[in-house]
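Heads up: the structure comes next, in structure tokens.
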Amino acid sequence: MLKIVTMKKSKLLGIIATALFCSSLINAQNVFNASNASLNHLDNTTIVNEIAGNWFLSLGLNIIDDGGAGYHKTDPLNTNSSHFSNPFMLGAEYNTGTNFSINTSFSFNKYLIGKNVDGGIIQKGSEAGYVAFDATAKYALKKILNSKVFDPYVFAGAGYTKIGKHTSLFGTELKRIPAIGRMTLNYGFGANFWLSNTWGVYLNFMAKYGVKQKNYEAEITNQLQFSFGGIYHIPSNNFNWRV
């Protein structure tokens, strides 16, 4: 009888030990799964942080076409009205972590002697300075095209342009144009070509529609701006605003 009782106790202890072991395995698996989920969440967060908040700086040159003559087969680049003197351009762009980004730029140029501006020819000694600030929202097509090097985009926005005073010849009539600032509505397209993860070059084409003012309806016209230069990508881990 004692032997039977001892065997029953041994079986009971064995069952209890087995149950405890299985329970430990289940708990360990749950902890492992929870750890994996936490690690995956951290990895995803890290990836998002690497993509979001990226800054880009650009330095380039620009050409202004303010002739208002449109396209001509004999002069497709409108060389008679294209201005390329002191033509520097600075830009900064913030990527939101999606296909959208915000871009701002300062551009400088100078209207040269003998060039056509809105139907008039600029006279000697009256070259006009050109300064513009533009802000646009850009939509990148890189992800849609699944491209790592070719990075095209479209954009739209607004800006402020000021053209210095100058004297132009309209037929046989000399006309003095005052320095005029005007708001512009902008849109266009362009592309970045990445040479590495941080360096690239860009080409950009922007149409700028001048917003008319009551006193200068004839003087405020539309412009075309073509720009090109280099672009530098600042990774988020090197440029972090978080405290």
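Rounded to the nearest angstrom and ordered from largest down, what semi-axes does the equivalent ellipsoid of segment 54-238 get from its C-alpha gyration tensor (root of 5λ)?
Result for segment 54-238: semi-axes of 34, 16, 14 Å.
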In whole Hz and in residue order, list the ³J(HN,Hα) couplings for segment 147-160 that follow from phi through the Karplus curve 6.51 cos²θ - 1.76 cosθ + 1.60, θ = phi - 60°; x for Gly and Pro. 10, 9, 9, 7, 10, x, 7, 10, 7, 8, x, 9, x, 10
For I234, list long-range residues whose amide hydrogen, built 1.01 Å from N in the peptide plane, is under 5 Å from its own amide hydrogen. W55, F56, L57
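Taking the Cα centre of segment 54-238 as origin, sum charge times position over the Cβ atoms of Lys and Arg (+1) and Asp and Glu (-1), and report the length of that vector in debye to the nearest 20.
Details: 16 positive and 11 negative charges, 26 e Å.
Approximately 120 debye in magnitude.
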By average Cβ neighbour count within 10 Å, what is the ranking of 136-149, 178-191 from highest down? 178-191, 136-149
With θ set to phi - 60° and the Karplus curve 6.51 cos²θ - 1.76 cosθ + 1.60, what are the ³J(HN,Hα) couplings of segment 194-203 in order, to the nearest whole Hz, using x for Gly and Pro? 7, 8, 7, 5, 10, 10, x, 10, 9, 10
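Each value in this text was obtained by applying a stated rule to the coordinates, not by laboratory testing. All figures in this text were calculated on a predicted structure; none of them were measured in a lab. With ideal geometry, Cβ positions are generated from the backbone for all residues, glycine too; neighbour counts draw on all protein chains shown.
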